[in-house]
Every structure is written in structure tokens, then in C-alpha cells.
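Working notes, structure below.
The values are calculated or read from the model by the stated rules, or taken from the named source; none is laboratory data. All of these numbers come straight from a predicted model, not from anything done at the bench. Every residue, glycine as well, gets a Cβ built from its backbone with ideal geometry; the counts of neighbours run over all protein chains shown. Side chains are part of the model used for accessible areas, which takes the heavy atoms of the whole protein and leaves out ligands, DNA and RNA. Shrake-Rupley method; radii C 1.70, N 1.55, O 1.52, S 1.80 Å.
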Amino acid sequence: MKLPAIAASIALITLLFGSALAAGDNRINVVVACQCADEVGQDLCKAIRTEVAASPAYRLQDSTKQYGLGLHLSCTDAWKGINAELTGHMSAVAITFTIYSQDLPGEVYEDSSVFRVGKDAVGDVSGKITEAIGQLVKVNAKFFEHERSVTAAAPAKPPTAKPSAVPTMHELTTIPP
């Protein structure tokens, strides 16, 4: 086989395979928003983003433009101002899960949790959070199926304006100093 024929074959396979993937792309959009000033909280946020990005079931997004699941983390060092020797070893974390869509007036609350995570447990905790994402996707499967069909059938429309009087998830989950 000559080089141009091989290149043409590769291009055809790539085109066919890429079209099949795009037509059957059922991944769920996931936005991971973090307000974590401490090192352990930042490591947890990075670990969650890495797991979501690596998952074949999810698509890591930076915004809530389409539809999907939102994770909002707020973290602070659990020992800062209490015990200087332990500072940097544990984070207090508040996490809120939401669903979002252009058809909704804003993000809709799904679940939340408050917990502590030590720096040696970041991997385990991020795995548990990824499992929780899977459970929430399963519970909201009909919503995601509906949004997927609406999105596939209609041209993209601009997002609906959110009323300014409604607080954002960041405003609701941020703990004042």
C-alpha cells in the first residue's frame, strides 16, 4: 500500500469513528467549582476534576451553558487558628451537588454534605465523590435523557437570564471569614 492510500484510509477511519462517537456521545457534563484556599482542599478539587475528566461517563466543563451536574466545593483548613502544628493536614469541606439546564431558572439543589478530609485520604474521598456523581446521574437519568433529546433536536439557544435577586450557589456555600 502506498503512503497516500494509507493516509486516506486513516482519515476515513478517523472520520467514521469520530462521527460514531459524536452521534452516540452520552457523557454527562460536570462542572466542578471550588473555593478552596487550603492545600488539602485544593488537592481534593484537583483529584475530583482529574477523575471526572478521565471518566468515559462524564465531560468536565467550565460553565453551566448546556445541561449537567454541578459540584460546588468550599474548603478551609480545619486546624488553622486552632493548632499550628496540625495546620495543613486536614480540610473542612462543604460540597453541594446541583443539576443545571438552559430550561431551568438556575441550578437546582440535589444534595450536600459537610465533612473533613485528611491529606492522606484525598484519593479515597475523591473516589467516593465520583461514586456520588454516578448515583445522582442515575437518579436523574430521565432529566438527562430529556435534556439530551431536546439539545440534539433543537439548535442551541442562549441561556435564560437568571433573576439577580436569586443567590448563586457560590453565595450560598461561601462561609464568611
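Determine whether Ser113 is farther than 12 Å from Asp38 by Cβ, part of a strand (DSSP E or B) and of a type in the set (Ser, Thr, Tyr).
yes
Which members of segment 36-46 meet the condition of being assigned to a loop (DSSP other than H, G, I, E, B) and either over 7 Å from Cys75 (Cβ atoms) or open to solvent by 80 Å² or more (accessible area, probe 1.4 Å) (or both)?
Hit for segment 36-46 is Ala37, nothing else.
Limited to segment 81-99, what total is found for residues that are touching a Leu at 6+ places or on another chain (Cβ under 9 Å) and assigned to a loop (DSSP other than H, G, I, E, B)?
Of the residues in that region, 0 qualify.
When Thr168 is evaluated against the numbered criteria (1) surrounded by 12 or more Cβ atoms within 10 Å (Cβ to Cβ); (2) modelled with pLDDT of 95 or more; (3) closer than 23 Å to Gln42 by Cα, which criterion, by number, is the only one it fails?
Result: Thr168 passes all but (2).
Name the residues in segment 24-35 that are within 23 Å of Asp124 (Cβ to Cβ) and either in a helix (DSSP H, G or I) or among the small types (Gly, Ala, Ser) (or both), would you?
The answer is Ala33, and nothing else.
Report whether or not Leu136 is modelled with pLDDT under 50 and assigned to a helix (DSSP H, G or I).
Spelling it out, it is not the case that Leu136 is modelled with pLDDT under 50 and assigned to a helix (DSSP H, G or I).
With (1) hydrophobic (A, V, I, L, M, F, W, C); (2) part of a helix (DSSP H, G or I); (3) modelled with pLDDT under 95 as the list, and Leu104 as the residue in question, which single condition is left unmet?
It is condition (2) that Leu104 fails.
Can you tell me which residue is nearest to Ser126 (Cα to Cα) among those in segment 47-63 that are open to solvent by 50 Å² or more (accessible area, probe 1.4 Å) and not charged (D, E, K, R)?
By that ranking, first place goes to Thr50.
Would you confirm whether or not segment 125-133 contains a residue that is over 18 Å from Val40 (Cβ atoms), out of contact with any strand residue (DSSP E or B) (no Cβ under 9 Å at 6 or more places or on another chain) and modelled with pLDDT under 95?
Within segment 125-133 (the criterion being over 18 Å from Val40 (Cβ atoms), out of contact with any strand residue (DSSP E or B) (no Cβ under 9 Å at 6 or more places or on another chain) and modelled with pLDDT under 95), the answer is no, since none of the residues qualifies.
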